[in-house]
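Take a look at the structure set out below.
Taken together, the values in this text are just the output of simple stated rules run on the coordinates, not laboratory data. Because the structure is a prediction, the values reported are computed rather than measured. We place every Cβ from the backbone using ideal geometry, glycine too, and count neighbours over all the protein chains shown.
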Amino acid sequence: MAIPVLSELAATIEHTRALPVAVSALQRLAAIGAGASVAAPTAQRILDSPRRFHYFTGWHLFHTDERLRAAATTLLATVSRPRTPS
């Protein structure tokens, strides 16, 4: 139930604007793992962008961008990892 809401929040990340709630949503989706594959296009768009994503200015800009890119990397790694049979 949470995945569609989190995906919708993460998808609000556009151009260089990343609301704090959107960053948290992408982090939670990355923690969910393979079940959150619906957010993979958003994560890929973030990693493909040469721009820094931010909401606040100053040093917060770098911190937000690094958190966002780390979450996007984690999400894509878990989504693309083949499932092992139990």
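Points worth noting:
- Over the chain: Kirkwood hydrodynamic radius from C-alpha pairwise inverse distances, Å: 12.7
- Helical contribution to [θ] at 222 nm, DSSP H n ≥ 4, -39,500 (n - 2.57), averaged over the chain, rounded to 500: -19500 deg cm²/dmol
- Look at the dipole of the chain built from charges on Cβ: of THR42, ALA11, GLY58, the Cα furthest out on the positive end belongs to THR42.
- Over the chain, relative contact order from alpha-carbon pairs under 8 Å, at least 6 apart, %: 33
- The range 1-74 - charge dipole about Cα centre, Lys and Arg +1 at Cβ, Asp and Glu -1, debye rounded to 20: 100
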